[in-house]
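Engineer: One structure, as structure tokens, below. Some questions next.
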Amino acid sequence: MAEKLWFLKHSKLLSSLSEDELQTLERNAVVRTFEKHQMVYLPSEPGRTVLVVLRGRVKLKDVTPDGKETILAFLDEGELFGELSLFDEAPRSEFAEAVEQSDVLALRCDDLQRLMEQKPELILQLTKLVGLRRRRIETRLRNLLFRTSRERVAHLLVELVESHGQKSGEAWDIRLPLSHQDLAGLVGATRESVTLALGHLQLDRLIRVSRRHIRVLNLRGLIAETMQSHDPTSLPTGANENPILEASSRRV
């Protein structure tokens with residue numbers, strides 16, 4: 001399938017691989033289509049593949065015994081998930097669900113592990129990916145324990161500008177359609193408290209909210225909301241590595 005090989009060639013994660021190595025991955029890869037709300041995998045399932053979103057959107061989530069959903073991440077086209085299967089043989093630990101009709105590419109762990117033995121740079125890229133996702137989850141946990149709903153929502157919006165933001169004049173559009181319930185699942189709060197926090201941020205002219213769309217009007221002000229006593233170490237994960245956010249924080 002030409003589409004599989006095209007994606008592998010244009011993946012930053014796999015940029016160090018040769019044509020032959022990419023073709024080996026492509027030959028054994030499988031593409032599956034998942035309908036909206038269909039599960040890509042469940043906790044306790046064996047992890048024999050690493051997955052990539054070719055088309056659509058997938059979310060990773062946990063569900064408590066009483067049915068409360070906590071969203072770990074939204075994954076767009078080109079993003080990889082299920083990568084922990086490369087490092088241990090433990091079963092999957094979360095739910096992966098298609099947010100909309102999605103095509104997912106499954107790469108065999110055996111093939112990737114053989115390449116990792118030959119390509120140290122591939123191990124480095126995968127380690128960076130795992131580390132970034134772990135830091136984001138740890139940051140959200142700290143926010144849940146020590147910050148107000150308003151601060152948690154502000155932190156999440158800065159993170160979404162970093163990962164899904166598109167500049168529009170002096171503002172930033174978050175190119176990820178999210179309901180208030182989605183935002184609540186991401187920050188560990190109730191939908192009502194998220195709606196209230198968004199309303200306050202909008203009244204302060206930091207953001208503008210419309211149906212499933214958020215525009216950040218004042219990124220510097222929003223970053224200030226995430227800081228504790230203006231301590232730079234409290235900036236959102238990745239902010240110090242992003243020149244746009246870093247420059248904005250220096251001007252606060």
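The values are calculated or read from the model by the stated rules, or taken from the named source; none is laboratory data. Quantities reported herein were computed from a predicted structural model and do not represent experimental measurements. Methodologically, a virtual Cβ is constructed for each residue, glycine included, from the backbone with ideal geometry; neighbour enumeration extends over all protein chains shown. For the accessible areas, the whole protein counts, side chains as well, though only heavy atoms, and no ligand, DNA or RNA atoms are used. Shrake-Rupley method; radii C 1.70, N 1.55, O 1.52, S 1.80 Å.
Engineer: Between their Cα atoms, which of 12/61; 61/119; 4/167; 59/167 are more than 27 Å away from each other?
Structural biologist: Numbers: 12/61 25 Å; 61/119 31 Å; 4/167 31 Å; 59/167 24 Å.
Beyond 27 Å between Cα atoms: 61/119; 4/167.
Engineer: Out of the total accessible area of the chain (probe 1.4 Å, heavy atoms of protein only), what percent is carbon and sulfur?
Structural biologist: 51
Engineer: Using every alpha carbon pair in segment 29-70, what percent of pairs falls into each 10 Å bin from 0 up to the bin containing the largest distance?
Structural biologist: The distribution over segment 29-70 is 20, 54, 24, 3, given as percents.
Engineer: Can you give me the angle between helix 191-203 and the longest principal axis of the chain, using Cα atoms only, in degrees from 0 to 90, rounded to the nearest 10?
Structural biologist: Approximately 60 degrees, to the nearest 10.
Engineer: Also, quick follow-up: Largest first, how would 44, 18, 102 line up by accessible area (1.4 Å probe)? Display every interim value, and only then the final one.
Structural biologist: Details: 44 90, 18 50, 102 0 Å².
These residues rank, largest area first, as 44, 18, 102.
Engineer: How large is the Kirkwood hydrodynamic radius of the chain, counting all unique pairs of alpha carbons, in Å? Before the final figure, lay out each step's value.
Structural biologist: Working: mean 1/r = 0.0514 Å⁻¹.
Computed over Cα pairs of the chain, the Kirkwood hydrodynamic radius comes out at 19.4 Å.
Engineer: How much FRET efficiency would the formula 1/(1 + (r/R0)^6) give for residue 23 and residue 203, where r is the Cβ-Cβ distance and R0 is 51 Å, rounded to 0.05?
Structural biologist: 0.35
Engineer: On a C-alpha basis, how far is the centre of segment 33-52 from the centre of segment 146-197 in Å? Whole number, if you could?
Structural biologist: 26
Engineer: Counting other Cβ atoms within 10 Å of each Cβ, which GluC sites (Glu not before Pro) in segment 135-208 have at most 12 and sit in a DSSP loop?
Structural biologist: Here the sparse-neighbourhood loop sites are 170.
Engineer: So what's the net charge close to residue 68: Lys and Arg +1, Asp and Glu -1, counting the other residues with Cβ under 13 Å from its Cβ?
Structural biologist: -1
Engineer: Residue 123: accessible area at probe 1.4 Å, nearest 10 Å²?
Structural biologist: 70
Engineer: Which trypsin sites (Lys or Arg not before Pro) from segment 41-134 combine a DSSP loop assignment with at most 14 other Cβ atoms within 10 Å?
Structural biologist: Working: sites: 48, 55, 57, 59, 61, 68, 92, 108, 114, 128, 133, 134; in loops: 48, 57, 68, 92.
Hits after loop and neighbour filter: 48, 68.
Engineer: Let me ask something additional. Could you work out which residue, out of 199, 131, 165, moves most in a Gaussian network model of the chain, that is, has the largest mean-square fluctuation with Cα springs under 10 Å?
Structural biologist: In this elastic network of the chain, the residue with the biggest mean-square fluctuation among 199, 131, 165 is 131.
Engineer: What figure in square angstrom, to the nearest 10, would you give for the accessible area of residue 10 with a 1.4 Å probe?
Structural biologist: Answer for residue 10: close to 110 Å² accessible.
Engineer: Please work out how much accessible surface residue 35 shows to a 1.4 Å probe, ignoring ligands, DNA and RNA, in Å² rounded to 10.
Structural biologist: The accessible area comes out at roughly 90 Å².
Engineer: Which value, to two decimals, describes the C-alpha radius of gyration of segment 84-226 once divided by 2.2 N^0.38 Å? Present the calculation step by step, with values, prior to reporting the outcome.
Structural biologist: Working: Rg = 18.2 Å, N = 143, 2.2 N^0.38 = 14.5 Å.
Relative to the 2.2 N^0.38 Å estimate, segment 84-226 comes out at 1.25.
Engineer: Next question. Probe of 1.4 angstrom, ligands and nucleic acids ignored: what's the accessible area per residue over segment 72-192, in square angstrom?
Structural biologist: Result: 49 Å² per residue.
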